[in-house]
Structure formats: structure tokens, C-alpha cells
Amino acid sequence: MNDSPILELRGVSKAFGAVQALYEVDFHVAAGEVMALVGDNGAGKSTLIKCIAGIYSSDSGEILYNGEPVSIHGPKDAAKLGIEVVYQDLALADNLDVVQNMFLGREETTSLRRLDEVDMERRAKETLQTLSVTTIRSVRQTVAGLSGGQRQSVAVAKAVMWNSKVVILDEPTAALGVAQTRQVLDLVRRLGEQGLAVVLVSHNLHDVFEVSDSVTVLRLGQNVAEFKTKETNQTEVVEAITAGKLSKIPGQPAAEVVV
Amino acid sequence: MSTQPAPIETSDATPATAVPGDETIGEYARRWWAGLRAGELGSLPIVVGLVIIAIVFQSQNNQFLTAGNFVNLIVQMAAITTIAMGIVFILLLGEIDLSVGYVSGVAGVIAALLLIPDGNQVPTLVGIGAALVAGAAIGVLHGLIITKVGVPSFVVTLAGLLGWNGVVLLLIGNRGTVIIQNNTVIGFANDFLSPATAWIMLAAALALYAGVLLLARRARAKAGLPAQPDLLLALRVVGLGVVGAIVVYVANQDRGIPYVFLVLMGAYIVWTYVLNRTRFGRHVYAVGGNAEAARRAGISVDQVRIACFAICSFMAALGGIILASRLRSVDTNAGGGSILLYSIAAAVIGGTSLFGGRGHIKSAVLGALVIASIDNGLGLLGLSSGTKFVVTGLVLLAAVTIDSLSRRRQERAGRA
């Protein structure tokens, strides 16, 4: 694992009207690292990843990519940097097959604007093979016929096939059974082993402890703790999630906080 | 019924991780049969339905299966087929266009008026072109209101149904009926290819089809992907050849292949290519299947929608010109009557889903063939319009029921 972060956020804040969703959040992830992002409902996990993905722009603070400050104003900027997000609802079109979904919006064409089906099918297969996704019988099968775990695999494969460096997974195991959760967690670990920076947003501490290298805890929009997974335990993380020390009490100006 | 998801019928699928190898024809047939049992009926119900229609009507009236009636049928189904092809694009989005009937009327009237030989007439191609451009422009207008203002397509095109009917009446004015005297326009539906030309065109079409299949197969083999068995390719070409030969032979016994048949073939090839082989077509399916996924993939959903409405109205305009050609005139009733409902019914009977994302151009052709056959057959039996509508309605209901049942079966088999 390389210790210098590929993606780093410094003092990122974001408010929606009177609601301070993020307050001076620091966050970082390195290549080959699986960084878990945990926190209770409303802690700001989704807002944070949407700031990284360019869906929201932060009010203040900076985002560094490979140590260089960058500005991300839309999903396309994020994609250009090699940041891909797999959202909880996966955004797959049920009526299209696996290849068609993986290349959606970025189809390859040959002469006469003809789709290059052969090359797309070959590349889709290659990507699935690199990720050791063996449960999908045919890449020409419509996504509607796939199980939850298989769909998650397709969504992840779709995200990593574009030379991505950072992959953000939003609750990838939330709706899955035991066996399928196992598939997806294996896949998450392989992504890290292949040198990608992985941000895993999850509620499930069991999953987090199984695959992550580090854990960042958000509470009420603030970064309250960061652990190396090996040097901590569930009790300590739960304590941070529910009672982590805040630098600013929500609803009050920072200056008035008495610690 | 198998509980594990099996590969779908139309693809050349083997497990993604298996060593690529070509399927044998036996494996292919087994897979097709398994798909059929799991509810993937494809075009089978329509083909069966057509056979039943032919048997029933022939047993009632021996004029039904004659060369002359066959040629009539081609001319009668041409306008509905053309309009239904446009409807397929709209249904694929999960939208609806109720205005196609009178849009076709507007186009027919524009062409007819511009080509009246009163000394001010325009060249034939300009007249036809103007009608088609007007159609496309109407579609763009509908699309802009639907996407940019956010009015549901049902309402916009319902307003269009009324509004364009009004435009037809205004354009015709107090003329009542405009007789078409332009020979080119009349020729679409009333002139016929010479027998030799028809055979040459069939041979050319077959060669093209075989060439496309072979090139695709070679490209797959070169990339190490599994390809369809040679025998299946051969069967496809031979199958098309046999059907084509029957069509040409039978038509040549009578007046021959009408020119409008070439228009249908051209439209079929172009739109099938656009839907299945271009990025635009892929995006149409994606928008219909999951608009949010399409948006996140960077597809301009609004542009796709506007383009589809433009294509639909363009095809309606082409249908309107064909209809005017067949009737040799346009009147205040142009684009009215059963045209709208027959066109939408044709697309649906042919297997295009009303809920978006599923359907093909061929469903327009097959569905229109069913509807035109019923219309034609009941006409031969001397039955009234009332009976025609009741029977066509029942067929539409049956088609949608079969579709729903087969989809439920697919869902249970984990395929839908």
C-alpha cells in the first residue's frame, strides 16, 4: 500500500440552507487502500461522496488529487480524474444486457457510426475476468435476469473498466443475502489488491472490519475519528459513531463551543 | 422450468469464463426451446396467428389467398406499417403519440396542395420533401414541449390530435377533396415493379443479408468470441430467400410488387440499423429501460426524446403520403378514421411493450400485417366496419394478454 493519498479532502464544508451537512471534513484515501466511511443516518456520508463525485460542489475547503488541488464541478469532471461512484440503486438498465450496460453512454463505434459490439463484448469479458467475476454465465444476458450480487458486480465492473483510480461504493451489500454479500466483499478486496483506491460506505461494521484497511467515522457532518482497522475494534468504532467528540455543536457558531 | 437463469434466445451466449467455442445447431435449438418454455415467445404467436387468420378467411372466402388479394394486402398495410414504425420509437421510450393520424393527414394534404397542377405547382420531390420536413418539424415541436416544458406526451399529442385535425380542415378549406394528379405520387401505391426487376432486387437483398451475417461472424471469430453455427446462418439466408421468393412469385402472378413495398423495405432496413447498430438506438433503449441510469451515463435524455418524436412524426408524414397515393386524393377526413388506433395497435400486437424499453421495428411490420389481413378478410366477407373493429380489438387484447402471460412466465423463470 502506498501511503501518500491519491484523493484528499481538506476542510470541506457544505450547507443546505440552515443545515450544515458537512463541517470542515478531512478525508483521504490512498491507492490500494480500502477506506471505509461509516456513520449514523444523517452523518453526511452521502453528501461527502456526492461532493467527491461532483454532484454537489462544496462551500469551502479543497480537494486534492495526487497532491494537486482540483475542482470537480460535475460527474464528468470526476470521471475524467478517474473517480467512479457505484450508487446504491446501481443505475443499470434492466432491458439491456451486461455488455450494453457496461458501455452505456461510452459505446465504441466503427465506421458508419456502427456499434463495435465485438470489441465491447471482448473488453467486458476481460474486465469481468480480471475481477474474477465468475458467476455471470453470459455477458449477453439482460441485467433483469441477474441476482442482486451479480448486478452489483456488473455495476462495479462498469465503474472500474474506465481506467479508474478511485472507486466509491455506496452501501454495496445493503440489499444482499449472505452468499451474495460474500461475493461483493471479495470483489471489494480484489479492487484494493489491484491498486485501486476504494471508498466503502457502509452501515454494516461486520463488513467494514472484514475488508477495510482504514475507517473514517463521520458524526453530524464532522470527521470525528479515523482508525487503522487492525488497531481498533467494533466497540471503539461504535463509540465514535454515536458519541465521537465534535469540534462544533450543530446549531451554534464554532466560537461558542466549550469543550 | 429451469430455476437458474439461462442465456437468452437471441444471443450467442456461452458462460463468460468458459473457453470460447462455437455452438452446434443442436445446442442452439435446445436453448431456443428452453427459452420458449420459459416464456420467451418472440414472434412465434404472431406467425401462428397469421396462419390461423389465413386458414379461417380462406375457408370462408376463397378469394383471400389469391395473388390479386395478396398485392392488395401489401398496398393496404403500407401506410399503417410506416406509421407504426415511428410509433415503435415512441413506445420504446415508454411514451405515446396520439397525433400520428392527423400528422399524416397534414403531410398528405401539404403534398397534395403543393402538387396541384395549377401553374404554381412545385417539383414533385420538393412537394414530397416539404411534407416530410413538415412532419419532422411537428415532431420536434411535440418533443420540445414534452421535454423542455415537461407536459406529459399523452396530453401534448392529444392536443396535437385535435390541433392537426384542425390544420387539415384549414388547409383543405372549401375545396372538399383534392384529387392527386401527380403520377409519381400516385405511382407509389399504384405502380408495380416488372417481374424481372423484382427478382433482381430480391437477389441483391439476399446477397446483402448474407454478406452482413458473414462479416459479423468473421469479426466475432477473429476476436475469439463464440459465434453462431454456420448451419444457422445458412438457414437464415435460405429462410429469407424462400419467404422472399414466395412473395415475389405470388405478386408477379398478378400486377407485381408495388413500389411502396420498396419504401417499406428501405424504412425497415434503415430504422432497424439505427435501433440495433448505432449509439442513438442503444440510447433509445436505455432511456426507455431506465431514464435515470441513462442520465447518469451522460446520455442527453431530452435530445433522445426529441429525436424519437421527430422520427415518429416523420414516419407519420411518409405514411400520409402513401395513404394519399393509394386513395389518389386527400379530403377533409385525411388522417382520420382508424389510422391512429390501427398504427398503435400494430406496434403493440407485433410485440412492442407499452411500458418502454422492449420492442423492434419488425413488430410494426408483423402487427400491421395482422391488422391489414383481418381488415382485408372481413372486407372480403362483406362484413361491416363494426365487425372489423370488434375483431381487431379482440386481437389486440389477445396479443397483449399473450405478452403479459409470457412476461409473467419469464419473471418466474428469472429472465424478465
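The values are calculated or read from the model by the stated rules, or taken from the named source; none is laboratory data. Note that the coordinates shown come from a computational prediction; the quantities given were computed from them, not determined experimentally. Cβ: placed from backbone, ideal geometry, glycine included. Neighbour counts: every protein chain shown.
Please work out which residue is nearest to B:Val71 (Cα to Cα), limiting yourself to region B:177-212 and to residues that are assigned to a strand (DSSP E or B) and of a type in the set (A, V, I, L, M, F, W, C).
Quick first cut of region B:177-212, residues assigned to a strand (DSSP E or B) only: B:177-179, B:192.
Still in the list and also of a type in the set (A, V, I, L, M, F, W, C): B:178-179, B:192.
Values: B:Val178: 26, B:Ile179: 24, B:Phe192: 10 Å.
If we take residues in region B:177-212 being assigned to a strand (DSSP E or B) and of a type in the set (A, V, I, L, M, F, W, C), then B:Phe192 is nearest to B:Val71 (Cα to Cα).
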Practice item. Would you confirm whether any residue within region B:290-300 is surrounded by fewer than 21 Cβ atoms within 10 Å (Cβ to Cβ) and on the phi > 0 side of the Ramachandran plot? Key: yes
Review point. Would it be correct to say that A:Thr173 is surrounded by fewer than 22 Cβ atoms within 10 Å (Cβ to Cβ), away from chain B (no Cβ under 14 Å), touching a residue at least 24 places away in the same chain (Cβ under 8 Å) and among the β-branched types (Val, Ile, Thr)?
Key: no
Check your understanding: Residues of region B:213-270 being of a type in the set (Asp, Glu) and in a helix (DSSP H, G or I), which ones?
Key -> B:Asp230
Check your understanding: So is A:Asp89 more than 19 Å from A:Val167 (Cβ to Cβ), among the charged types (D, E, K, R) and at the interface with chain B (Cβ under 10 Å from one of its Cβ atoms) or not?
Key -> no
Check your understanding: Within the group B:Gly359, B:Gly377, which residue is touching a helix residue (DSSP H, G or I) at 6+ places or on another chain (Cβ under 7 Å) and at positive phi?
Key -> B:Gly359
Exercise for review: Answer yes or no as to whether B:Gly386 is more than 14 Å from chain A (Cβ to nearest Cβ) and at pLDDT 90 or above.
Suggested key: no
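Within the bounds of region B:154-174, is there any residue that is part of a loop (DSSP other than H, G, I, E, B) and over 21 Å from the mean Cα position of the chain (by Cα)?
First pass over region B:154-174, keeping only residues part of a loop (DSSP other than H, G, I, E, B): none.
No, that holds for no residue.
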Exercise for review: Would you please name the residue that is nearest to B:Val178 (Cα to Cα), looking only at residues in region B:111-120 that are assigned to a loop (DSSP other than H, G, I, E, B) and in contact (Cβ under 8 Å) with a residue 60 or more places away in the chain?
Suggested key: B:Ile116
Check your understanding: From the list B:Glu40, B:Glu9, B:Glu27, B:Glu23, which residue is touching a helix residue (DSSP H, G or I) at 6+ places or on another chain (Cβ under 6 Å) and either at pLDDT 75 or above or closer than 21 Å to A:Glu117 by Cβ (or both)?
Key -> B:Glu9
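Out of everything in region A:138-147 that is part of a helix (DSSP H, G or I) and facing chain B (nearest Cβ under 7 Å), what residue ends up being nearest to the chain's Cα centre (by Cα)?
Pass one, region A:138-147, residues part of a helix (DSSP H, G or I): A:143-145.
In the following step, the residues that additionally are facing chain B (nearest Cβ under 7 Å) were identified as A:144-145.
Details: A:Ala144: 24, A:Gly145: 25 Å.
Only one residue fits best here, namely A:Ala144.
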Review point. Any idea which residue in region A:77-97 is nearest to B:Ala297 (Cα to Cα), counting only those that are assigned to a strand (DSSP E or B) and among the acidic types (Asp, Glu)?
Key: A:Glu84
Exercise for review: Provide a single number: the residues in region A:148-170 that are in contact with a strand residue (DSSP E or B) (Cβ under 6 Å, 6 or more places away or on another chain), over 21 Å from A:Arg122 (Cα atoms) and within 14 Å of chain B (Cβ to nearest Cβ).
Suggested key: 2
Exercise for review: Among the helices (runs of 4 or more DSSP H) lying completely within region B:304-416, list those that include at least 3 residues that are buried (at least 23 other Cβ atoms within 10 Å of the Cβ).
Suggested key: B:339-349, B:361-380
Review point. What residue, among those in region B:386-407 that are without any contact (Cβ under 8 Å) to a residue 24 or more places away in the chain and hydroxyl-bearing (Ser, Thr, Tyr), is farthest from B:Leu41 (Cα to Cα)?
Key: B:Thr387
Check your understanding: Across region B:260-287, what is the total count of residues that are facing chain A (nearest Cβ under 7 Å) and not aliphatic (A, V, I, L, M)?
Key -> 5
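Results for (1) modelled with pLDDT of 90 or more; (2) small (Gly, Ala, Ser); (3) more than 18 Å from B:Arg296 (Cα to Cα), shown as yes or no for each residue.
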| residue | (1), (2), (3) |
| --- | --- |
| A:Gln141 | no, no, yes |
| A:Gly145 | no, yes, yes |
| A:Gln150 | no, no, yes |
| A:Val156 | no, no, no |
| A:Arg182 | no, no, yes |
| A:Gln194 | no, no, yes |
| A:Leu200 | yes, no, yes |
| A:His203 | no, no, yes |
Exercise for review: Quickly run through region A:72-86 and pick out the residues that are more than 14 Å from the chain's Cα centre (by Cα) and either at the interface with another protein chain (Cβ under 8 Å from one of its Cβ atoms) or touching a residue at least 40 places away in the same chain (Cβ under 8 Å) (or both).
Suggested key: A:Lys76, A:Leu81
Review point. Any idea which of B:Ile83, B:Ile55, B:Ile74, B:Ile90 is of a type outside the set (S, T, N, Q) and outside the structural domain of B:Ala317 (by TED's automatic domain parsing)?
Key: B:Ile55
Study note, to complete from the structure: Out of (1) under 18 Å from the mean Cα position of the chain (by Cα); (2) within 14 Å of another protein chain (Cβ to nearest Cβ), the one B:Gly319 does not meet is (2)
Review point. Which pairs have Cβ atoms under 7 Å, sit 6 or more apart or on different chains, and link a residue in region A:42-56 that is modelled with pLDDT of 85 or more to one that is of a type in the set (S, T, N, Q)?
Key: A:Cys51/A:Ser58; A:Tyr56/A:Thr47
Point to revise | Tally of residues being in contact with a Phe, Trp or Tyr (Cβ under 6 Å, 6 or more places away or on another chain) and not small (Gly, Ala, Ser) across region B:75-123 | key: 6
Revision key, fill the gap. A:Tyr65 passes all but one of the listed conditions (1) crowded, with 18+ Cβ neighbours inside 10 Å; (2) more than 20 Å from A:Phe16 (Cβ to Cβ); (3) within 11 Å of chain B (Cβ to nearest Cβ); the exception is number (3)
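Here's the yes/no breakdown for (1) within 14 Å of chain A (Cβ to nearest Cβ); (2) assigned to a helix (DSSP H, G or I); (3) at pLDDT below 95:
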{"position": "B:Arg31", "(1), (2), (3)": "yes, yes, yes"}
{"position": "B:Pro45", "(1), (2), (3)": "no, yes, yes"}
{"position": "B:Thr82", "(1), (2), (3)": "no, yes, no"}
{"position": "B:Val109", "(1), (2), (3)": "no, yes, no"}
**Study point:** Criterion (assigned to a loop (DSSP other than H, G, I, E, B) and either at pLDDT 75 or above or touching a Cys at 6+ places or on another chain (Cβ under 7 Å) (or both)) met by exactly one of B:Phe64, B:Phe70
**Key:** B:Phe64
Point to revise | Yes/no for B:Ala251 being buried (at least 18 other Cβ atoms within 10 Å of the Cβ) and more than 22 Å from B:Ile83 (Cβ to Cβ) | key: yes
Check your understanding: Taking region A:98-137, which residues are outside any helix (DSSP H, G or I) and more than 7 Å from chain B (Cβ to nearest Cβ)?
Key -> A:Phe103, A:Arg106, A:Glu108, A:Thr110, A:Asp116, A:Leu131, A:Ser132, A:Val133, A:Thr135
Check your understanding: Within region B:335-349, is even one residue within 14 Å of chain A (Cβ to nearest Cβ) and of a type outside the set (Val, Ile, Thr)?
Key -> no
